[in-house]
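No value in this document is a laboratory result; all are computed from the given coordinates. Source: prediction; values computed, not measured. Cβ placement follows ideal geometry from the backbone for every residue including glycine, while neighbour counts extend to all protein chains displayed.
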Amino acid sequence: MPPVTSTYPSITEATMMPRLVRIGPNLYGAVFTLMKLLPAHYILQRARDRGDLGPDTVIVETTSGTFGLALAMQAALMRRKLILVSDPAIDANLYRRLTDLGARVEICQEPAPVGGYQTARLNRLAEIRAELPDTFCPEQYSNPDNPRSYGIVADQLRRTLPAVDCLVGPVGSGGSMCGTTRALREHTPGTVALGVDTHHSVLFGQRDGSRELRGLGNSLWPANLDHHVFDEVHWLSAAEAYASTRALHARHALFQGPTSGAAYQVARWWAERNPDRTCVVMLPDEGYRYQATVYDDAWLAAGGHSAVARPAQPQRVTDPAAAGERWSRLVWRRRSYDAVPGAVPRTAGDLPLADGVLS
């Protein structure tokens with residue numbers, strides 16, 4: 001039996017890159033096991049190389065989703081202490097996995113008056129950092145190493161496909177879509193980028209509100225979100241995303257989460273309208289966390305989602321506020337946020353900008 005050497009990858013290195021799967025005549029899925037492993041691995045490795053992450057440094061972050069899991073996996077492999085600040089939305093199975101990996105998870109029980117739970121989590125994070133002598137925060141929402149990490153995904157797509165005419169993916173921190181698109185456009189400036197959001201998210205001009213669909217959207221503006229990247233923005237409801245997630249599984253045997261379903265719905269529509277052009281859709285994580293929800297017919301029925309049909313196409317709007325509660329499309333045209341008519345003004349009296357440590 002050959003000896004184990006350092007050339008063998010860790011579990012995070014072995015699974016952080018996507019598998020490229022054909023799901024239509026001109027549509028390909030970049031299928032991730034856990035997309036957030038890529039920026040988590042890159043950010044922590046770069047921090048260690050710079051000397052920002054010493055042997056006694058405590059990693060601290062605020063999360064309610066998969067970035068926390070990615071950090072916990074990487075911190076366990078690096079033998080580093082990890083403190084995560086979350087809120088009641090974190091599911092019990094994820095909480096158990098995080099703590100089993102050695103992370104300390106604190107739950108903020110009350111939202112802040114402005115910015116909701118995300119601001120409450122930021123406030124608690126600041127308190128923890130003030131209490132400890134040596135901490136490092138990955139700050140996925142403002143750390144440029146987040147989008148920078150996706151350059152290798154763009155390289156993979158360019159090596160595998162003759163062209164990437166369109167890239168579609170969900171938007172939360174802005175890292176995956178902005179980083180991959182910018183790297184692709186270094187070689188193909190005409191690559192079209194379609195961002196997928198959900199209603200009542202502030203990312204592309206709507207007012208903040210209650211959102212059932214998790215894993216995309218935001219209540220604060222991430223610094224890593226470059227609005228100039230996007231040619232179009234699509235908003236989908238939770239019910240539409242759930243239906244599309246199930247269709248992705250039933251039709252293509254791809255067992256992914258609801259953010260993947262939302263992106264698939266938009267990508268399939270674009271690919272069918274552009275049969276002579278190649279489209280790639282980012283599918284961020286597998287569906288195991290959603291077996292008791294999105295993949296449970298009884299759960300869908302209890303939430304009033306089981307009878308929802310997927311629309312054949314989006315309604316086109318010229319104002320973010322006009323998107324309503326169904327699949328809607330706004331031609332963004334690579335404009336700045338403030339250049340889009342009807343976008344909620346980013347003023348001191350409205351929602352704050354994220355400083356990089358949110359979801």
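Quick notes on this one:
- Two-site FRET efficiency, Thr99 against Arg50, from Cβ-Cβ distance with R₀ of 35 Å, rounded to 0.05: 0.75
- Sequence-distant residues sharing a close amide H with Val105 (under 5 Å, placed H): Leu84
- Efficiency of FRET between Glu131 and Asp276 - r from beta-carbon atoms, R0 56 angstrom, step 0.05: 0.45
- Förster radius 45 Å - calculated FRET efficiency between Tyr8 and Arg207, Cβ distance, rounded to 0.05: 0.35
- Extended-chain gain in nm, criterion 0.36 nm per residue less alpha-carbon gap, Thr188 and Gln291: 33.2 nm
- For the stretch 84-200, DSSP calls about 10 percent of its internal beta bridges antiparallel.
- Inter-label distance, nm, simple model (7 Å from Cα along the C-beta direction), Asp338/Ala247: 3.9
- Among beta bridges that DSSP assigns inside the stretch 37-136, antiparallel share in %, nearest 5: 10
- Mean-position separation - Cα centroids, the stretch 233-251 and the stretch 116-149, in angstrom: 31
- The stretch 184-336: relative contact order as a whole-number percent, Cα under 8 Å and 6+ apart: 27
- Percentage relative contact order, the chain, counting C-alpha pairs under 8 Å, at least six apart: 19
- For the stretch 16-126: relative contact order, % (alpha-carbon pairs under 8 angstrom, 6 or more apart): 19
- Placing a label point 7 Å from the Cα of Arg22 along the Cα-to-Cβ direction, the residues of the stretch 263-297 whose backbone N falls under 20 Å of that point are 264, 267-283.
- Remark: Lys81, Lys36 ranked as Lys81, Lys36, counting other beta-carbon atoms within 10 Å and listing the fewest first.
- Label-zone membership for the stretch 180-207, site Asp155, 7 angstrom Cα→C-beta point, backbone N under 20 Å: 180-189
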